[in-house]
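Following: one structure in structure tokens, then a few remarks.
Where a number appears in this text, it was derived from the coordinates with a stated rule and is not lab data. Here the structure is a predicted model, which means the values were calculated and not measured. Using ideal geometry, Cβ is built from the backbone for each residue, glycine included, and neighbour counts are taken over all protein chains shown.
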Amino acid sequence: MSAPSLDDLAVFVSVGREGNFTRAAAQLGVSPSSVSQTIKTLEEQLGIRLLTRTTRSVTRTEAGERLMASLAPLLDQIEGHLAAVSDLRNHPAGTVRITADEFAARYVLWPRLKPVLEAYPDITIELSTDYGLTDIAAERFDGGVRLGDVVAADMIAIPIAPDMRLVTVASPSYLNTHSVPATPNELTQHRCINLRLPTQGGLFAWEFSRDGKEFQVRVQGPLIMNSVEQILDACLAGIGLAQLPDGLVDEGLRNGDLIEVLADWSEPFSGYHLYYTSRRQQTAAFRVVLAALRQTVVPESFE
């Protein structure tokens, strides 16, 4: 029987990374049945089982672990070399994958990525919304956007947005029928709108800082949502208090639709940073995106 092809080995690495045939198929742009058949053929060619399949998961066998450990870095190197050759073309091209949370994706990234897409038709940008500190190397992202500049030692972090605050707000109609909280601990007596982090499952603990000291308060209320935009709408409707990024509520505060409370307990903190690995060779497409994101923003606003 012939030796495994490079394409078949790439399919195995994708399944090994994703731990799921369907997700690997989506990433590769093929059907799950095609991925399954490729893995079956590969195992027959090698004469050993590489993956253990159950109805809920796919895990690597000892042989699969060994092959994955040696094969994945080699395929990454090949991909990097091919990207370097592609850079010799006149126009930057290729896919740039970035992970960011919902607010950053809409208010920080999109305004600066839209001109990139218009100016470089051969560049494709894949933007994945995720609230966790994604391992961009393992998940094969070119970069990630998160608050602050604390990242792993082999990562580079550059600021792409101004310092920001988390602002606790309510509508006038809510405050007309409820007392104004004087301290964060009084929030436990209020109706608060909670955010369930979509990719982590838990509820976001409201964060406060004063005189350099940071602490969290677990709040309760009648509504739990997984989108800051939805929470803003519910807060404007008078459902309860909300804690949201200042850039999202600035307009509501200016026109009187929202009122800030506990302002003395909301100190600025380091804003959004783009982080990316120093070990991976940058493509021309990523350098274009990087240059766009590094542009200076207006300090007072995300708009």
Within-14-Å neighbourhood charge of Gly238 [Cβ basis; K, R +1; D, E -1]: -1
Estimated FRET transfer efficiency when R0 is 30 angstrom, pair Asp122-Leu75 (beta carbons, to 0.05): 0.80
Length released on extending from Asp8 to Ser179, taking residue separation times 0.36 nm less the Cα-Cα span: 55.2 nm
Contact order normalised by residue count of the chain, Cα under 8 Å, 6+ apart, percent: 22
Additional length obtainable on full extension of the chain from Ala26 to Arg49, 0.36 nm per residue less Cα span: 6.0 nm
Simple Cβ-charge dipole of the chain, Lys/Arg +1 and Asp/Glu -1, about Cα centre, in debye nearest 20: 760
